[in-house]
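**Q** The following block contains the structure, expressed as C-alpha cells.
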Amino acid sequence: MTDPTPSTVLPADHAARSAALDAADPLARFRDAFVDSDEVTAYLDGNSLGRPTRAAAERLARFATDVWGARLIRGWDEEWYGLPLTLGDRIGAVTLGAAPGQTFVGDSTTVILYKLVRAALSAPQVAGRDEIVLDAGNFPTDRYVLEGVAREHGATLRWITPEHDAGVTPGQVAAVLSDRTALVLLSHVAYRSGYVSDAAAITALAHDAGALVLWDLCHSVGALPVELDAWGVDLAAGCTYKYLNGGPGAPAFGYVRADLQDVLTQPIQGWMGSAAPFEMGPAYAPHDGVRRFLSGTPAIVGMLAMQDMLDLVDEAGIAAVRAKSVALTEHATALVDDLLLPLGARYASPRDPERRGSHVTVDHAAFEATLPLLWERGVIPDFRRPDGLRLGLSPLSTTFDEVRVGVEAVRDALVEVLGRAGGAA
C-alpha cells in the first residue's frame, strides 16, 4: 500500500504552529500535573509507559509511612481486600463504558488474557467448538498465549493477516468465522500501526456466529472512548502503565460481562478468588461475581499510581482526551510528512484519524541506528523491529511543541545516520 498524498501541510515555521496549537489547547493545564525531568527533552513513548503524575509521586511516598507503616495488616480489612474491585469499577466507569461489578484489577496482562481465554473455552455456549480467531499483527503475548492454549485444548488457530499500516477489519473477521469458532481475540488498537478496529461491528459478527469475543485494550484504555457494555463485549483485558500511568509493571485489568460470570470457570484457582478467602478452607469454591477471577494476593502498591491518573482523565472527560489525541497525531503526521518522508521514511499508520489511536508509526531502515542518538539527546520515541519508530502521544501529558521538538530531532538523527552511510535510504 502506498502513502496517499499528505492532506495536512504545516507552515515552514513549525515552532510557531506548535506554539499556536498549545495556546489553543483546552487541556493544556493538565501538563503541569506530571513529573518532569531535565534529562528528557521530548517524551514520545506514552503508549509504552506513561509519565508519573505529581499526585501519584506524593501518594506513593505517603503510603509507605501513613498507610503501610501505620495501618500494617489492618489495611486488608480497611481497604486493600476490596481494592481490586473498587478500582476496577473506577476504571470501568471512567474509561471502559462498563457498569459496576464487571471489572477487576490483578495479575499481568498476559496472565489475565490466559485466564479469560481458558474461561471462554469453558463456556457452555461454545461447547464443541474448536477454533480461535486471531491476527498475525497482534502483540506477541496475545499470540503466544493463544498458541499455548490451543496446544493444550487441541484447538485450531484461524489467522488473519492485516495490512502493515492498518489492522483487522470486520470483513476479514467475517471471512474466517464459522460454526466451529469458539473465540475471537483481537486488539482494539493495533500495537504497531495504531489502527482502531471497529469493535462494535466485529463483536456483533462474532456473536452472530455463536462465538465469544475477547478484546485487548492495552493501547486504547485512557486514550479513546471504549463502550464495552454498549458494544455487548464478552471479555476484555488491558494494562494500566500506558495511558493510565500506573507505573512500570502496574497490574492489568480484566472485564467479564455480568451475565457470563457465573457460567465461566477461571483456570487459576487462588485464595483471593475463593468464596471465603480468610477462612482458609480445605477446598476451593469460587466467589460470587467478578471476584472469582482474582487468584493470588493483589499488588496493592502497584494499584496506587493509576488512581490519580484516573482522576485526571475523569476531570478532562474521555471525549476531550480523544479530541486532543487526534489533534496530536494529526500534528505529528504533518511533521512526519514534512520532515521525514523526504528522507525516505514511510508513514505506517492509518491516515484517517478516526481509524488511528494515539500513536503514529513511521518506518525507515535506518531508524534503529538513530535510537541511541535520540536517547542521548533526551528524545524518547519507541522502536519496533524491523524498522518502525512509534511516536506515542499521551494526550494529557504531551504538548504540541514537544511533538515538534521530537520529530525535528528524529530528522536530525536520521540525516546524521544517513550521512555516515553515504546517504543510502
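The values are calculated or read from the model by the stated rules, or taken from the named source; none is laboratory data. Quick caveat, the model's predicted, so the values are computed rather than measured. Don't worry about glycine lacking a Cβ; one is built from the backbone with ideal geometry, like all the others, and counts go over all protein chains shown. Side chains are part of the model used for accessible areas, which takes the heavy atoms of the whole protein and leaves out ligands, DNA and RNA. Shrake-Rupley method; radii C 1.70, N 1.55, O 1.52, S 1.80 Å.
**Q** Would you check if S187 is of a type in the set (S, T, N, Q) and surrounded by 19 or more Cβ atoms within 10 Å (Cβ to Cβ)?
**A** Spelling it out, S187 is indeed of a type in the set (S, T, N, Q) and surrounded by 19 or more Cβ atoms within 10 Å (Cβ to Cβ).
**Q** I would also like to ask the following. Tell me, which helices (runs of 4 or more DSSP H) wholly within the range 83-161 include 1 or more residues that are free of Cβ contacts under 8 Å to residues at least 60 places away in the same chain, farther than 21 Å from S187 by Cβ and open to solvent by 60 Å² or more (accessible area, probe 1.4 Å)?
**A** 83-91, 140-153
**Q** Open to solvent by 10 Å² or more (accessible area, probe 1.4 Å), over 28 Å from A252 (Cα atoms), free of Cβ contacts under 8 Å to residues at least 40 places away in the same chain and not acidic (D, E): is that true of P386 in this structure?
**A** So P386 does not fit the description; no.
**Q** Would you be able to say whether some residue in the range 204-217 is open to solvent by less than 10 Å² (accessible area, probe 1.4 Å), assigned to a loop (DSSP other than H, G, I, E, B) and modelled with pLDDT of 95 or more?
**A** Looking for residues that are open to solvent by less than 10 Å² (accessible area, probe 1.4 Å), assigned to a loop (DSSP other than H, G, I, E, B) and modelled with pLDDT of 95 or more, one finds at least one in the range 204-217, hence yes.
**Q** To continue, here is another question. Any chance you could count how many residues in the range 162-171 are of a type in the set (V, I, T) and assigned to a helix (DSSP H, G or I)?
**A** Total meeting the criteria: 0.
**Q** Looking at the range 51-64, which of its residues are within 22 Å of S220 (Cα to Cα) and touching a helix residue (DSSP H, G or I) at 6+ places or on another chain (Cβ under 7 Å)?
**A** Listed by number, the residues that qualify are P52, T53, A56.
**Q** Show the residue pairs that are 6+ apart or on different chains and have beta-carbon atoms under 6 Å apart, the first residue being within the range 318-337 and part of a helix (DSSP H, G or I), the second being among the charged types (D, E, K, R) and open to solvent by less than 30 Å² (accessible area, probe 1.4 Å).
**A** Once the first residue is part of a helix (DSSP H, G or I) and sits in the range 318-337, its partners that are among the charged types (D, E, K, R) and open to solvent by less than 30 Å² (accessible area, probe 1.4 Å) give T329/R356.
**Q** So which residues in the range 227-246 are in a loop (DSSP other than H, G, I, E, B) and either among the aliphatic types (A, V, I, L, M) or crowded, with 20+ Cβ neighbours inside 10 Å (or both), if there are any at all?
**A** Residues satisfying the conditions are V233, D234, C239, T240, Y241, K242, Y243, L244, N245, G246.
**Q** Do any residues in the range 353-372 that are without any contact (Cβ under 8 Å) to a residue 60 or more places away in the chain have Cβ atoms under 7 Å from those of residues that are open to solvent by 10 Å² or more (accessible area, probe 1.4 Å) and aromatic (F, W, Y), where the two are at least six apart or on different chains, and which pairs are they?
**A** If the second residue must be open to solvent by 10 Å² or more (accessible area, probe 1.4 Å) and aromatic (F, W, Y), the pairs left are F367/F383; E368/F383; L371/F383.
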